[in-house]
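The values are calculated or read from the model by the stated rules, or taken from the named source; none is laboratory data. These figures come from a predicted structure and were not determined experimentally. Neighbour counts are summed over all protein chains in view; Cβ atoms, including those assigned to glycine, are modelled from backbone coordinates with ideal geometry. Protein only, heavy atoms only, side chains kept; ligands, DNA and RNA dropped before computing areas. Shrake-Rupley method; radii C 1.70, N 1.55, O 1.52, S 1.80 Å.
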Amino acid sequence: MSRMGKRIVVVLLCSLMLTSGATAVEAKSKVTTTTVKSKDITIIDPVPQIVKDISPSVVGIIGKVTNGSQNGSQNDSADRYNLAHGTGVIMKSNGWIVTNAHVIEGLSNPVVVTSDGETYRITDTRVDVVSDIALIKINAKSLKVAKFAKSAQDTQVGEKVIAIGTPISFSLRNSATVGIVSGLNRAINASYRLLQTDTAINPGNSGGPLVNMKGEVIGINSMKFAAVGVENMGFSIPSETVQYITSQLLKHGEVKRASLGLELKESFSAIVGMPTDDPLTITKVLLPQAIKAGIQEGDYLYSIDGVTVTSVVDINELFKKYVSGQTVKLLMQSDGDIVIRKLVLSSRDLILDEVEEVVTAGVEI
C-alpha cells in the first residue's frame, strides 16, 4: 500500500458480436455448413442530439474579478483582462438561471451570454453559499428551459452522462464532454451529498449541467479534485438538491433552514468515510430550545425521528423536509442512559446570530 504525499486540491468549477456464419452441424460422418445472412445493424449514438437539444438552455457567465477591493472599480479599471467566468442553466423561460454561488460571487458587473450570442446584464442575484447554488435573473423572454430530473437517485453508477460548459476560455462556450456516473451520494467537501463523475470538468464548467441520456439535467457541476496523479474526479450537485434550494430562493430570496441549535462533532469513522453507526457528539448547546429539551454537551445523538444520522450531511439531507418550529424526537445517550428528547427546531439564521453574539463576547465556540 502506498501513501500519497502530495496534497489534493479541490477545484471549484466549476461488444456486441454478431455471429452470422459458419455454423457447423455434424451428422454421423457428414459435415454440413450453413451460412445465415444478416442485415447490417446501425447503432445511433444519442449524444449529438442531446447536446443539440440542451445547448440552447446553457449560458456563459463572465465578469471582472473584484480582488477583494471595496467595490472592485479601481483594480478592475487597471486590468481589463482581470476576468472570471462560469456556466449557468436556464430554469425559467422569463430569465431565471441557476449556477454555482462561487461562480457569481466576487464578480463585478457580470453578463450572461446565451447560446445564440445574445448578451444580457444580470438584474437580480440570489445566493446560497451553504449549497453553492445561486439564481440570477436576466431580462429575457421565451428562453428554452432545461428539463431537470425529479431526482438523481434513479441514476445508476456507470450510466453515461454529458457535461456542458465554458471550460478554460469564454470562447469555448457550450463545450461538451462525455463520461459516466462514477458514484452516488458522495459526502465530500460539501454540505449536501454529491454525484461523482469522470466526465471532464474544467475551470469554467462550474454551474453547467450534467445531463443523462434522456436529456435531463441530473446535476449542476460544482467542483473537481486536481492534483498530480488524480484524474477525472468531478462532482455535481444532484437535481433534487438544486430544485430544493432554487425553490426557496425564488420564494423567499434565501434558504430557510431548520436547525437543531447544536454544534456537533462527527466520529473518526464518519470523517474518513468508513461505514459506521457511531453517533454524533454534542460539543455545544447554542440555543434555549436545545437547553429546554435537556440536551447537554457530551451527549450523543443517534437518530432524528427514527432516522439514523452519523454525519452533518445526513442531517442536512434529512432537514430538507423540515421547517423551523417543528418538533422532532431525538434518540440520544446522556450520562450513560439512552433517552428520547423532544426538540423544537430553530432557524439557521438564529444560530448564526447567536454565534456572532458569542464571538463578540470573546468566548470560543
Of the residues ILE340, ILE291, ILE315, only one is open to solvent by 70 Å² or more (accessible area, probe 1.4 Å), in a helix (DSSP H, G or I) and β-branched (Val, Ile, Thr); which?
ILE291
Qualifying residues in the range 188-216 (those that are more than 12 Å from the chain's Cα centre (by Cα) and within 17 Å of ILE133 (Cβ to Cβ)) - the one surrounded by the fewest Cβ atoms within 10 Å (Cβ to Cβ):
ILE201
Hits in the range 325-335 - residues which are open to solvent by less than 60 Å² (accessible area, probe 1.4 Å) and part of a loop (DSSP other than H, G, I, E, B):
GLY325
Number of the condition not met by ALA134 [criteria: (1) of a type outside the set (Val, Ile, Thr); (2) assigned to a strand (DSSP E or B); (3) open to solvent by 10 Å² or more (accessible area, probe 1.4 Å)]:
(3)
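Could you please give the count of residues in the range 116-134 that are among the hydrophobic types (A, V, I, L, M, F, W, C) and touching an Asp or Glu at 6+ places or on another chain (Cβ under 8 Å)?
Looking only at that region, the number is 3.
Conditions tested, residue by residue: (1) open to solvent by less than 30 Å² (accessible area, probe 1.4 Å); (2) in contact with a Gly (Cβ under 8 Å, 6 or more places away or on another chain).
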{"site": "HIS85", "(1), (2)": "no, yes"}
{"site": "THR119", "(1), (2)": "no, no"}
{"site": "ALA140", "(1), (2)": "yes, yes"}
{"site": "SER151", "(1), (2)": "no, no"}
{"site": "GLY158", "(1), (2)": "no, no"}
Give me a count of the residues in the range 161-187 that are out of contact with any Pro (no Cβ under 9 Å at 6 or more places or on another chain), open to solvent by 70 Å² or more (accessible area, probe 1.4 Å) and in a strand (DSSP E or B).
2
Identify, from the list LEU210, LEU195, LEU250, the residue that is part of a helix (DSSP H, G or I) and either farther than 27 Å from LEU330 by Cβ or in contact with an Asp or Glu (Cβ under 7 Å, 6 or more places away or on another chain) (or both).
LEU250
When residues of the range 50-78 are limited to those that are assigned to a helix (DSSP H, G or I) and over 15 Å from LYS147 (Cα atoms), the one modelled with the lowest pLDDT:
SER73
Taking ILE8 as the residue in question, decide whether it is of a type outside the set (D, E, K, R), open to solvent by 20 Å² or more (accessible area, probe 1.4 Å) and at pLDDT below 85.
yes
Does TYR81 satisfy the condition of being of a type in the set (Ser, Thr, Tyr), open to solvent by 10 Å² or more (accessible area, probe 1.4 Å), within 24 Å of SER175 (Cβ to Cβ) and at pLDDT 95 or above?
no
Determine, yes or no, whether SER269 is over 30 Å from VAL113 (Cα atoms) and not in a strand (DSSP E or B).
yes
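Matching residues to (1) on the phi > 0 side of the Ramachandran plot; (2) surrounded by fewer than 16 Cβ atoms within 10 Å (Cβ to Cβ):
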residue	(1), (2)
VAL228	no, yes
GLU231	no, yes
PHE235	no, no
GLN243	no, no
GLN248	no, no
GLY253	yes, yes
GLY261	yes, no
